[in-house]
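Trainee: The structure is given below, and queries will be raised subsequently.
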Amino acid sequence: MRPTPAHAAAGPISDGASVPVLVIGTGYGGSVAALRLAQAGVNVHMVEMGMAWDTPGSDGKIFCNTTNPDYRSYWLRTKTKQPLSNFLGFPIDRNIPKYTGILDAEEFGGITVYQGRGVGGGSLVNGGMAVTPRRENFGAILPSVNADEMYNTYYPRANSGLGVSVIDPNWFETTSYYQYARVGRKHAQRSNFPFVFVPDVYDWNYMRAEDNGTVPKSALAGEILYGNNAGKKSLQQTYLAQIRATGRVTISPLHRVTSVSPASGGYAVVIEQLDTSGNVTATKTVQAGKVFFAAGSVGTGKLLTKLKATGALPGLNAEIGKGWGDNGNVMCGRANHLWDPTGSVQSSIPCCGIDNWNAGGAFAEVAPLPTGIETFASFYLSITKNPNRAQFTYNGSTGKVDLNWQTAWKQPSITMAKSIFDKINSKEGTIYRTDLFGTNKIWGDHLTYHPLGGAVLNKATDNYGRLHGYNGLYVIDGALIPGNTSVNPFVTITALAERNIEKIIATDV
Ligand code: FDA
């Protein structure tokens, strides 16, 4: 493929258009692919089913607050589906207008998978915890990948591209907004668990200015799950800003890819245009020389499973849809004593964790519970070494793709998380909260924030994400990673995408 003149056409893609490269999805994998291809002189079109998230609502803000979810909060739901569904046992979900909102709580038989929807993918809604796995754990995460290359070149490149940094430890010790984290540290250390600071993409200087009252509050006002109006370096501020500067990439928001099949000169891609109620307003077919699947683990896993089963891409191999895991996610809360308040004000950006991975199979982030009142609760999202893996399958009678994850498969995660919290509770004389996920329910074992796998590297694809069976089709997102990263996943997704696209540009473009 020869470099083409740069162009930055405005507006969504038109029916019958022809593009050298089409990228499905605008999250981490898709943004890395589009940026590096554009820098290599290739024009790229990115297709994103969610909204652009660049226009304020009637309140003057682009994103709504976690404590007050409105029409912008959820993807095509009429009622919120908050990860913490209850407080003091009472359900807290509320009715909302159906809208192409920012957070999708996608329900499968045994698990609800939370995902970001919009230009920027998961970076719009996530906590920004930007964690590079410990070197000694990498062999179990991506066994076919050269770890030296990753740790010398691609992890540093990803961390720099994402704008990752660590909280100033002096400010951490003094600000009231991290009292909950200091309580988490005290309890971890009194039970002899290693406590670690965790890097993030939030602008820590901005957060200090929030604390000083000199800028509008975002993390310190509880913004996170439905977007941050300032402070957080989502992909919109990093990779996507660089992408725009190349002048070679166009993006079609509210466009959803439904089919990819061979056609002369490459592939025919069928795309549905959506309105903000989720109705299909147009169906377009475009030609693409090469197609990158970057729709996220679930988006890519589902799409490829359907395309193989329905005969659009029959030459995909039998690994498609396999190797899906939840990164071992499980949540819980602990009830502290009255002399251990966690603070009525809490930064929504986590900055630390308890690392019991090698001894007990769990890495627990000390998470905020920014309710605006003192709850005396410590809250944790644990990432665990859960060995269970699920598979996507096409259901001919519904025309949908199912995932065979079972709720009971979370039991290993609970056991591993208990290796930390049973010990802390015993040492502190405290108990688990039972009011956050229902009534008398300790574990948030019904969900994941970290879907991974579905088109695993070196199985469904070659060792660089080229799909077996077809030239010019690639996977470049979390679907490549076989179910677990031992820590929060987006730095690894970004670093792997940087590695793969460098090889693909050198050999295929
Ligand atoms: P990603 O999901 O980012 O992007 C895929 C994009 O494709 C989406 O924008 C989607 O709308 C679009 N798409 C899907 N199907 C499509 C189709 N058919 N046509 C067109 N577009 C389509 N991780 C971490 O490391 N640290 C953290 O702190 C957190 N915290 C966190 C909190 C919450 C609430 C969530 C939901 C997730 C996290 N994560 C996280 C996880 C992290 O956000 C996630 O791993 C990455 O976003 C995955 O990156 P990908 O590039 O694989 O897909």
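The values are calculated or read from the model by the stated rules, or taken from the named source; none is laboratory data. Treat the numbers as computed from the prediction; the structure is a model and nothing was measured. Glycine also receives a Cβ, built like all others from the backbone with ideal geometry; neighbour counts cover every protein chain displayed. When the accessible area is computed, the model is the full protein with side chains, heavy atoms only, and any ligands, DNA or RNA have been set aside. Shrake-Rupley method; radii C 1.70, N 1.55, O 1.52, S 1.80 Å.
Trainee: Considering only residues of the stretch 92-134 that are more than 8 Å from the ligand (Cβ to nearest atom) and of a type in the set (Asp, Glu), which is most open to solvent (accessible area, probe 1.4 Å)?
Mentor: Only one residue fits best here, namely Glu107.
Trainee: Now for a separate question. Scan the stretch 43-62 and give yes if some residue there is within 26 Å of Ser160 (Cα to Cα), touching a residue at least 24 places away in the same chain (Cβ under 8 Å), out of contact with any helix residue (DSSP H, G or I) (no Cβ under 7 Å at 6 or more places or on another chain) and away from the ligand (no atom under 12 Å from the Cβ), otherwise no.
Mentor: Yes, because at least one residue in the stretch 43-62 is within 26 Å of Ser160 (Cα to Cα), touching a residue at least 24 places away in the same chain (Cβ under 8 Å), out of contact with any helix residue (DSSP H, G or I) (no Cβ under 7 Å at 6 or more places or on another chain) and away from the ligand (no atom under 12 Å from the Cβ).
Trainee: Still on this structure, please answer the following. Tell me which of these Leu447 doesn't satisfy, since it passes every other one: (1) more than 25 Å from Gly161 (Cβ to Cβ); (2) hydrophobic (A, V, I, L, M, F, W, C); (3) away from the ligand (no atom under 16 Å from the Cβ).
Mentor: (3)
Trainee: Tally up the residues in the stretch 273-318 that are more than 20 Å from Asn395 (Cα to Cα), open to solvent by 40 Å² or more (accessible area, probe 1.4 Å) and not hydroxyl-bearing (Ser, Thr, Tyr), please.
Mentor: Final tally of qualifying residues: 5.
Trainee: Also: Would it be correct to say that Asp59 is acidic (Asp, Glu) and over 30 Å from Asn159 (Cβ atoms)?
Mentor: So Asp59 fits the description; yes.
Trainee: For Thr66, state whether it is surrounded by fewer than 24 Cβ atoms within 10 Å (Cβ to Cβ), within 16 Å of the ligand (Cβ to nearest atom) and β-branched (Val, Ile, Thr).
Mentor: yes
Trainee: Let me ask you something else. When both residues are 6+ apart or on different chains and their Cβ atoms are under 6 Å apart, which pairs have a first residue that lies in the stretch 192-212 and is open to solvent by 60 Å² or more (accessible area, probe 1.4 Å), and a second that is charged (D, E, K, R)?
Mentor: Pro194/Asp355
Trainee: Considering the stretch 14-63 alone, what residues qualify as being touching a strand residue (DSSP E or B) at 6+ places or on another chain (Cβ under 8 Å), open to solvent by 20 Å² or more (accessible area, probe 1.4 Å) and of a type in the set (Asp, Glu)?
Mentor: Matches in the stretch 14-63: Asp15 only.
Trainee: Okay, moving on. Considering (1) within 15 Å of the ligand (Cβ to nearest atom); (2) open to solvent by 20 Å² or more (accessible area, probe 1.4 Å), say which one Asn329 fails and leave the rest.
Mentor: So the condition that Asn329 fails would be (2).
Trainee: Determine if the stretch 472-482 includes at least one residue that is more than 14 Å from the ligand (Cβ to nearest atom) and in contact (Cβ under 8 Å) with a residue 40 or more places away in the chain.
Mentor: Yes, that holds for at least one residue.
Trainee: Taking into account only those residues within the stretch 250-267 that are more than 14 Å from the ligand (Cβ to nearest atom) and open to solvent by 20 Å² or more (accessible area, probe 1.4 Å), which is nearest to Thr78 (Cα to Cα)?
Mentor: Per the criteria, the residue is Ser261.
Trainee: Moving to a separate point now. Residues that are open to solvent by 60 Å² or more (accessible area, probe 1.4 Å) and more than 22 Å from Ile501 (Cα to Cα): find the strands (runs of 3 or more DSSP E) completely inside the stretch 374-484 holding 1 or more of those.
Mentor: So the answer is 392-395, 400-403.
Trainee: Something else about it: Looking only at the stretch 491-504, decide whether some residue is open to solvent by 40 Å² or more (accessible area, probe 1.4 Å), assigned to a helix (DSSP H, G or I) and more than 16 Å from the ligand (Cβ to nearest atom).
Mentor: yes
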